[in-house]
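The values are calculated or read from the model by the stated rules, or taken from the named source; none is laboratory data. Every value quoted in this text rests on a predicted model; they were computed, and no experiment measured them. So basically every Cβ, Gly included, is an ideal-geometry build from the backbone, and we count neighbours across all protein chains shown. Ligands, DNA and RNA are excluded from the accessible area calculation, which covers all protein heavy atoms including side chains. Shrake-Rupley method; radii C 1.70, N 1.55, O 1.52, S 1.80 Å.
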Amino acid sequence: MKRREFITLLGGATAAWPLAARAQQPAMPVVGFLHLGSSEPVAPNVAAFRQGLNETGFVDGRNVAIEYRWAQGQYDRLPTLAADLVRRQVTVIAACATSAPGLAAKAATSAIPIVFQTGGDPVQDGLVASMNRPGRNVTGVSRLSVTLEPKRLEFLHELSPKTTVIGLLVNPTNPRSELVARQLEEPARALGLRLQVLKATSEGELDSVFASLVRLGVGALLVAQEPAYNRWLRQIIALASGHAIPTMYATRDFVVAGGLVSYDASGIDSFRQVGVYVGRILKGEKPADLPVMQPTKFELVINLKTANALGLTVPPTLQAAADEVIE
C-alpha cells in the first residue's frame, strides 16, 4: 500500500470514529414534568427542581431533557396531559402540586416511575401503600400542608382574637376541599369560632366572594392550599386588603407579596427534593425502595406592615415564634 493511500484510509477511519461513538451513545433521558398550575407563578419551584437534578449530576439540556405539561389550574386536564407524557415515553414523571397530578400519572402508567409532590396525605389519597414502603412505581415528597390547616386557624385566631366567624376559601373542584373543611370544624368549635366555607373556582368569582364577607359576618379569612389560587395571588391579596380582612395563606409567596401571614413547610425545598429523587431514579434506583420524604421544618411568616395597616397588634409570643417577620 502506498503511503498516501494509507494516510487517506487512516484519515477516513479516524473521521468515522466520532460518528460511531455518537451512534453508540444512549439516548438522553427525558423527564416529564406535570404540574396542576401554570409556569410563571412557580418559576422558583421549577428552578429548585432543576437544582435537585443538578445535585445528582443531571443538567437540563446537557444529559437530561425536561418536557413540561401545565394544567393551568384545571383538574380535568390532568389525565390527558399525563397520557401525553406516557405516549412520549418519558423516562420519569415528576407530578407536582396536590395529589391530583400524581394520581393522573399513576392511572396513566404502571411502568414509568413517578415522583409526586403534594401537600396532602399520599397514603390517604391513594398514591402509595405506605410512607416508608411506597411500592410499585410511585414515590415522592409530601409537605403535609393539608394537615396544617388547624394550626393555621390557631395562628389566625391569635392575630384576630375578637373575630367569631372565620371564612375558609376553597376550590370545590379540588378533591380535598371537603376534607379540609371537615378537619377545621372541631378546632374551630374548640376556639369558640364558627366556620363559614366560601367557594371560588375561577378568578372572576373572587370579587363576589369577598363582597359577601360583610353580609356573612366573616371577620377573618383562611385561604386553603390551592395551586389555582397561586395564579390569582395579587388579586386575592388586593381584595383582602381592600376589605380589611385579616387573612392566613398556605404559602410564603402571598406574605412576601403583601399578605398578612402564612404557615407551611418550605415549598421550594420540596421541589428540590423531587429533583433529587428523579435524579436517583435516573441513576437506577427504584421508586418502591425510596420512602416518601416528609418535611422536618415548618415556617411561620408574618408581614408586620400589613398587620399595622389592618390595625392588628401581633402578640410578642407570635413574633418570637415566627421564622420570618417582614417589616
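The table for this structure:
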| quantity | calculated |
| --- | --- |
| Qualifying residues in the range 46-83 (those that are open to solvent by less than 20 Å² (accessible area, probe 1.4 Å) and outside any helix (DSSP H, G or I)) - the one farthest from V128 (Cα to Cα) | V64 |
| Qualifying residue in the range 156-164 (condition: in contact with a Lys or Arg (Cβ under 8 Å, 6 or more places away or on another chain) and farther than 23 Å from A322 by Cβ) | yes |
| Subset of the range 309-324 [over 23 Å from A238 (Cα atoms), under 29 Å from the mean Cα position of the chain (by Cα) and not in a helix (DSSP H, G or I)] | A322, D323 |
| Test set (1) closer than 15 Å to S145 by Cα; (2) in contact with a Cys (Cβ under 8 Å, 6 or more places away or on another chain) - V274 fails condition number | (1) |
| Residues (touching a Pro at 6+ places or on another chain (Cβ under 8 Å) and more than 18 Å from R133 (Cβ to Cβ)) located in the range 279-306 | L282 |
| Positions within the range 174-196 being open to solvent by less than 60 Å² (accessible area, probe 1.4 Å) and farther than 27 Å from A104 by Cα, in sequence order | L184, P187, A188, G192, L193, L195, Q196 |
| Helices (runs of 4 or more DSSP H) enclosed by the range 84-195 - at least 2 residues per element that are basic (K, R) | 149-159, 177-190 |
| Members of the range 109-124 that are modelled with pLDDT of 90 or more and surrounded by fewer than 24 Cβ atoms within 10 Å (Cβ to Cβ) | T109, S110, A111, I112, V123 |
